[in-house]
Amino acid sequence: MSQARTAVVIGAASGIGWAGARTLAADGYRVTLADRNVDGARERAAELGEPHTAAHVEVTDEASVQRLFDDLAAAGPLDAVVNCAGFSNVGPITDMPVEEFRAVVDVCLTGAFIVTKYAGRTLREGGALVSISSLNGRQPAAGMSAYCAAKAGLSMLTQVAALELGPRRIRVNAIAPGFVHTPLTAPAAAVPGVVEDYVDNTALGRAGTPEDIAAAVRYLCSPEASWVTGSVFDINGGAHLKKYPDIMFHVNNLVQQ
Ligand SMILES: NC(=O)c1ccc[n+]([C@@H]2O[C@H](COP(=O)([O-])OP(=O)(O)OC[C@H]3O[C@@H](n4cnc5c(N)ncnc54)[C@H](O)[C@@H]3O)[C@@H](O)[C@H]2O)c1
């Protein structure tokens, strides 16, 4: 009997990570749902049932990431790693406390580096690492300096890692989603005009769902993507063809009301 493929999804307690974990589980992977919100990850793993499990991880803490990957390695070969941990803040550069800038970079870029380091050591030959970057890694948004800079860095980190891990046939790719309805974007979606502005600036006329992104995760982890590495996939309804909404304009409008 062939062994089930194994995957770890980091940030699996919510949004895109949860959709990715569900999709990989449906494809027959044995999934570890890892998150700093371990209670959330446990609830999600219980929803999927056996043989899926939950684990705690804090991507900004190297010892925590190392512990996660040591445990995964002890359980057997690892086929796929999906890193979805990330968040943003909003505010103009001239007003932003440096520690708020650092906090976003710490999770979205340094955290992604730490995950890439241990994923690269642990994945089996031929395995896949998928990171969730962002449309904002290539399209600037006023008020989102830390997030845009960190995600641009993550897109480049992905390409460097693909070069370094290619000799072991480990494929490293990133997905750059546009605006996807998740708990992360709920506050922005509640600001009148933001979603409408985003949708107006797409070719396909809608915002995204976590399942839109999970479909790309599925492909990039699968053997069908065996000749794909170092790529950053725009999954955004065509938003990269136009411009990013002026979030600060909509926020300021709301504040002035
Ligand atoms: N939703 C969007 O529109 C959108 C667009 C582009 C990119 N992204 C990226 O997709 C990824 C997932 O976003 P989402 O919308 O699903 O957000 P979400 O908030 O719904 O889920 C993120 C999950 O990551 C976990 N997490 C956050 N920081 C962590 C840390 N330091 N260590 C471990 N776990 C951590 C959270 O607990 C949460 O469960 C993020 O990297 C985000 O930047 C989202």
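The values are calculated or read from the model by the stated rules, or taken from the named source; none is laboratory data. Computed from a predicted structure; not experimentally measured. With ideal geometry, Cβ positions are generated from the backbone for all residues, glycine too; neighbour counts draw on all protein chains shown. Calculation scope for accessible area: heavy atoms of the full protein, side chains included, ligands and nucleic acids excluded. Shrake-Rupley method; radii C 1.70, N 1.55, O 1.52, S 1.80 Å.
So, of the residues in the stretch 199-214 that are within 14 Å of the ligand (Cβ to nearest atom) and among the charged types (D, E, K, R), which turns out to be least open to solvent (accessible area, probe 1.4 Å)?
The residue in question is D212.
Taking the residues in the stretch 161-171 that are in a helix (DSSP H, G or I) and crowded, with 17+ Cβ neighbours inside 10 Å as candidates, determine which candidate is farthest from the ligand (Cβ to nearest atom).
Per the criteria, the residue is L165.
How many residues are free of Cβ contacts under 8 Å to residues at least 60 places away in the same chain and of a type outside the set (D, E, K, R) when one looks only at the stretch 71-108?
Adding up the residues that qualify gives 15.
Would you list the strands (runs of 3 or more DSSP E) that sit entirely within the stretch 1-56 and hold 1 or more residues that are open to solvent by 20 Å² or more (accessible area, probe 1.4 Å), of a type outside the set (A, V, I, L, M) and more than 9 Å from the ligand (Cβ to nearest atom)?
30-35, 53-56
Tell me, which residue of the stretch 57-71 that is in a helix (DSSP H, G or I) and open to solvent by 20 Å² or more (accessible area, probe 1.4 Å) is farthest from the ligand (Cβ to nearest atom)?
Top of the filtered list is D70.
Could you please give the count of residues in the stretch 104-140 that are over 27 Å from P223 (Cα atoms), within 11 Å of the ligand (Cβ to nearest atom) and outside any helix (DSSP H, G or I)?
Within the stretch 104-140, residues that are over 27 Å from P223 (Cα atoms), within 11 Å of the ligand (Cβ to nearest atom) and outside any helix (DSSP H, G or I) number 1.
For residues that are in contact with a helix residue (DSSP H, G or I) (Cβ under 8 Å, 6 or more places away or on another chain) and among the polar types (S, T, N, Q), scanning just the stretch 172-198, find the one that is most open to solvent (accessible area, probe 1.4 Å).
Top of the filtered list is T182.
Could you tell me which of the residues V90, V98 is open to solvent by 50 Å² or more (accessible area, probe 1.4 Å) and closer than 18 Å to S134 by Cα?
V90
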